[in-house]
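Comments concern the structure below.
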Amino acid sequence: MQDLSKLLKLLLENDIDFVLIGGFAAVVHGSTLVTQDLDICSTMSVDNIQKLRAVLKDLNPIHRMNRKANLSFLEHPKNLDGLNNVYLETDLGILDILSATQPVGDFEAVKYNAIDIPLYGFTCKVISIDDLIKVKTAMKRPKDLQAVIELKKVKELENK
């Protein structure tokens, strides 16, 4: 059962250090496009990864880039040094955890320009609309370019 809202709420409730990026962030900014996953940019510190593992432990988090290996995020990777990105399938849906997003930069750069949005009774850091437009433009996929059109329109309406 996919429930990205519940997955996001779990991250917020458990004080995970992240910025919401990707399609869900586009929706928060006003895009009408539907997203099938939750993308976050996060610090990949050992502390934060251990907190993520604790939060996700009951959701069967499996690394989705090598499904045949069926590797649990709770046990793999054992060595967390130098970890950059984690792509997971959970009982609540897909969660992609990135340490950076180009062309904006690493987590600290994304976080620096992020905005605070009240969500589910918490404050959620969301990638700024300008940074999201840069990221979606650089990706060049049709769905991302469609989001860019919508986000530019949202920005234009906000500036009136």
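FYI, it's all coordinate maths here, none of it is from the lab. On a predicted model such as this, the values are computed, not experimentally measured, just so you know. For neighbour counting, all protein chains shown are included, and Cβ atoms are generated from backbone atoms with ideal geometry for every residue, glycine included.
Numbers at a glance
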read-out	value
Net length gained if the chain between Arg141 and Asp58 were fully extended (0.36 nm per residue, minus Cα distance)	26.5 nm
Calculated log₁₀ intensity ratio I(q)/I(0) where the Debye formula runs over C-alpha points of segment 1-80, q = 0.18, 0.23 Å⁻¹	-0.85, -1.26
Ranking of Leu59, Leu33, Leu119 by count of other Cβ atoms within 10 Å, fewest first	Leu33, Leu119, Leu59
Computed Rg/Rh of segment 4-149, alpha carbon atoms with Kirkwood Rh	0.94
Of Lys6/Lys111; Lys6/Lys68; Lys111/Lys155, those spanning more than 24 Å from alpha-carbon to alpha-carbon	Lys6/Lys68
Residues His76, His63, His29, sorted so that the one with the fewest Cβ neighbours within 10 Å comes first	His76, His63, His29
Among beta bridges that DSSP assigns inside the chain, antiparallel share in %, nearest 5	75
Over the chain, relative contact order from alpha-carbon pairs under 8 Å, at least 6 apart, %	27
Distance from segment 23-54 to segment 98-160 (C-alpha centre basis), Å	12
Sorted by Cβ density within 10 Å, fewest first, the residues Asp3, Asp116, Asp144	Asp116, Asp3, Asp144
The chain: most fluctuating residue of Lys134, Lys78, Lys125 per GNM, C-alpha cutoff 10 Å	Lys78
R0 of 30 Å, Cβ-Cβ distance Lys78-Lys160: FRET efficiency to nearest 0.05	0.05
